[in-house]
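Just so it is clear, none of the values below were taken in a lab; they were calculated from the coordinates. Quick caveat, the model's predicted, so the values are computed rather than measured. Note: ideal-geometry Cβ built from the backbone for every residue, glycine included; neighbour counts use all protein chains shown.
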């Protein structure tokens, strides 16, 4: 995988802080990169899923005969063909692979068909039917908690309540009485679809040795392996999962999608390779979504703008299965108060089962929802106190050593104030008054800010570990084994940059091995803004170890007094005293295999504090210890007559530690901002009675090239001592900003605030009309 | 039903029998193994399957394979030189970070190529207008515009030379 | 996807006879972008697709210099219309509309004939042509008939075309000078979008004044079929075109529209947008007439 292009430092090792092109760029621009959806092969068969199509039913007999008799059909499988537990799920194993007792949402899988080609497959899928008894459904998270609501999981002890958390600091909500001003707000955020370009896809085959081999578009190959093995009744070691670069994931491939179904099909295809690819409608129907949230906030402050008391109640709709709903709730609770010092806090949260589409991981992971609320509450407070919103934030922003809003002492780099100050100096902020004055007829302009924080890693209980492996091949090339998937965020390249920098090798002197349960080592999920932080730290250790061994062996060969006299150079080593060089291939020849492979384990630091937020909340990741920070600015124009919002300019100033690769860093910020703009303005996976009404990209609109403004990304580089080369996670934080920044800007522009999202023109226009009515009354 | 068609694919003369109901996307990916052309939605709403037919960008997922008869088809596999030398657009996407997950990239590059062949100096608005049919969920489009702009800035001449190379028949 | 046979007749007569022999198992196809989406999703299941690509001959876009009529062959693609300098200069309302249909990729293939025959309520191609008083030419096997485009549509997906009939050409009559039009497709994002509402306004003025001699106000998604607001048109004729009169016309058009709630947008909002955009497009007409005079 060599790059026949400028690597930023021709022939030399890549520097830290340099934009070297992506390691995968050449293969991707030339169309040669092989994604999971590009696997076919000799003797291929296709498999596909019959979905329930009804939101809540007891399943009776499943009629498979007509389908099995369709020419070209190899098998039609149901739950009775599954030999394992037939259950999957990241924490709670509450999701059937193939529905046995009930269907709990329209996307539940009822039968699996294997056929010679797509044509016979689709024909057969149409012929599968099943008897069912309709059950009343519940499609609203708050109604699901009411007495007498239809229950999704009869054996779940708390009815439809998946998980709840309750947490208090200081005097809790009772301190509201001590506040000079109190503002209230209730917010509703939408169900957001990941809309990665590559839908859920994979390929599987039982190999000659009897082991099941799955190639799939995933963020979590090692966890998938356990889930597949358990659900299908296989030994863990009889399953191999290989993860090529996914065509986008954003959390939607954090957990099993096609894997178990593909595995089941491969076990029943007579040894032939099997392929599955969901079409877009199926991806919308059966894939996970960002949890819709209801957020009820009260925020109290002193007259001088000092925040004093926060009272939050939030309800998340997780759909019929846990997936990662509990973890999303925990992270939402932890970030509910933003990056502020608030001495008295009362947080309550519930994650609830409904018959809606499944909630799961999505970039931001509960934080975009709560940030939408807290960052508008801050503006509402500032407005009431007639203070500047930026000044209000600066007054309360956390510093290193402070306790944040849940009382966690911030022991790592904490650059929020620096970000806010940089925003205050940004020309677009300073010139906002003139810019606003330039609005045309029937147009209003406004500026809005948001202060952001985002934790990285898994929290205090689930070990956030990575195991890096670096090999010097017999031929003198370095292999970098990536344990964490690169779904587009660029960590494969930063891995090369980190290893290359330590081993003094140009990127074309190294080769990446992508995650594969047989070849690379377990290093956790590609999620939680942890990839480069956790894996990078492990990789530094592995590369340093190997470097020491190489230098030692070279010192022996070159009869140097110590290895301090030897340095690595591209392709070899040099003895500084004699000026003599030796190629790596020669040194490798004097090392045995065990010496040439270096492995290093890293476990991310965790918070020692033991906060009691209710049973399970700590287990689900509360609290974290390392946070990134950012300050965002949106400049918007609102059409008073149509309610249409145009985001004209956007600025994202981020403290994510040192920047290892500016280009990749910027992409992460700009890409997340674009997704955030979609979340704020147009994205809403609409369903009624559990049926999705926005079934394609014409109904579910994501921003196109014509909808995204110029996005200015400014890093505030504060060295984080615990991070590899001083970096912190940058993957998610920018997702949290656009909704509140834009909503604050709209309020600044036309004096109305939107509480239900996305901010569609009709919602904005209705709010403007209501405000006019109130004034005229 | 099947029909015999002759067409040019990435400079190579092709003669083959295609089923009437095949889309061009199916022909490319599943019959010819050219998996560089991606399927993102199957209904012409994402542009991942964009290829260039007789100089025009089209969605291969909605284009019938039989309709390529007599036409000249360019896919991402045919854009670089035979020796692997990248087209200036490909090179620019690499250098300017126009790629993240890469799944929209082949379609995005071919849509850009069709644009620049027709209009070598498009304005920013024209670029956005021309690429509005190619969804990207990773980059926020900013580095994609930068990648195209860099090629425009390099000048018309250079682009013309490479265009001719990549379209010259090689058989 | 369901299998089908693809037939490519050489002449219109052959096309009609193929259609007759296969009855409702066959359908015509031109660019195929809409048909293929429906076939792939199983919404329609034809056994035969009859391509009109050869039968209709090479697509023609021309102005008859004798009559001043604009002839648009039904195979003319949206992209051809979008890039035509004649359309941009003399029929800006059509240029406004076609440049936002689908994407470049769609517009390179999709034809104006296909857009009209599909008869979706949002038909972006139809609204400006209706505002231009266009006429559809239909080949019926036994001969040719013409239909005013405003009477072409009968319901969602339904036109006056009898089974086997073929839309061959759209003819736009010469517009009285000075006149200009403007179209707004209004949706949730800039491109690749089905509109919440489509508003086309075409105005003709008295030489040297702003007095309206002819007005056409055509609306998309405002009813099950494309519609004209006769009340608004009637109101404007004889009046000075000003923000006030256009505002009033907008109100009349909004009242006349029969918008409905859908997942894309609510009726009240659509109605208001009719009002807003009738006025805005009317003002744009004025500007354009002024520019032409300049």
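Before moving on, here are some points about what is shown:
- Alpha carbon centroid spacing (whole Å) that separates region B:45-99 from region A:604-665: 37 Å
- Considering only alpha-carbon pairs that sit under 8 angstrom and 6 or more positions apart, the relative contact order computed for chain A is 16 percent.
- For the protein assembly as shown, DSSP calls about 80 percent of its internal beta bridges antiparallel.
- Residue C:20-residue C:43 FRET efficiency (beta carbon distance; Förster radius 30 Å; 0.05 resolution): 0.80
- Amide N proximity, region A:50-85 versus residue A:133 label position 7 Å along Cα-to-Cβ, cut-off under 16 Å: A:56-62
- Cβ-derived FRET efficiency at R0 45 Å, residue A:63 paired with residue B:32, nearest 0.05: 0.70
- Cα-based shape type of region B:88-164, given that a ≥ b ≥ c are square roots of the gyration tensor eigenvalues and the cut on a/c is 1.5: prolate
- Partner chain coverage, peptide A:658-664 - average Cβ within 10 angstrom: 1
- Counting, for every residue in A:35-41, the Cβ atoms of other protein chains within 10 Å of its Cβ and taking the mean gives 3.
- The helix-only estimate of mean residue ellipticity at 222 nm for chain A, built from DSSP H runs of length n ≥ 4 each weighted as -39500 (n - 2.57), is -7500 deg cm²/dmol after division by the residue total.
- Selected from B:17, B:35, B:50 as most flexible by GNM, with chain B as the system and alpha-carbon contacts under 10 Å: B:17
- Fraction in percent of alpha-carbon pairs per bin - 5 Å, region C:5-51: 5, 24, 32, 23, 12, 4, 0
- Region C:64-90-region A:317-349 distance, computed between alpha-carbon centres (Å): 59 Å
- Shown for C:84, A:186: other C-beta atoms within 10 Å of each C-beta, ranked fewest to most, produce the order A:186, C:84.
- In degrees, nearest ten, helix B:142-154 long axis to first principal axis of chain B (Cα): 80 degrees
- For region C:61-172: rounded, prolate or oblate by the Cα gyration tensor [a/c cutoff 1.5]: oblate
- Sites residue A:564 and residue A:235, calculated FRET efficiency, Cβ-Cβ separation with R0 60 Å, nearest 0.05: 0.80
- Projecting label points 7 angstrom from Cα along Cα→Cβ for residue C:142 and residue A:161 puts them 7.6 nm apart.
- Once both labels are positioned 7 Å from their Cα atoms along Cα-to-Cβ, the gap between residue B:123 and residue A:386 label points is 4.5 nm.
- Simple spin-label estimate for residue C:83 and residue A:304 in nanometres, 7 Å along Cα-Cβ: 6.7 nm
- Across region C:5-51, the relative contact order, built from alpha-carbon pairs under 8 Å that are at least six residues apart, equals 56 percent.
- Inter-chain shielding of C:74-83 (mean C-beta neighbours from other protein chains, 10 Å cut-off): 1
- Tensor-based shape of chain A (alpha-carbon gyration tensor, a/c under 1.5 rounded, otherwise prolate or oblate): oblate
- Across region A:218-260, the residues whose backbone nitrogen lies under 16 Å from the label position 7 Å along the beta-carbon direction of residue A:599 are A:222, A:237.
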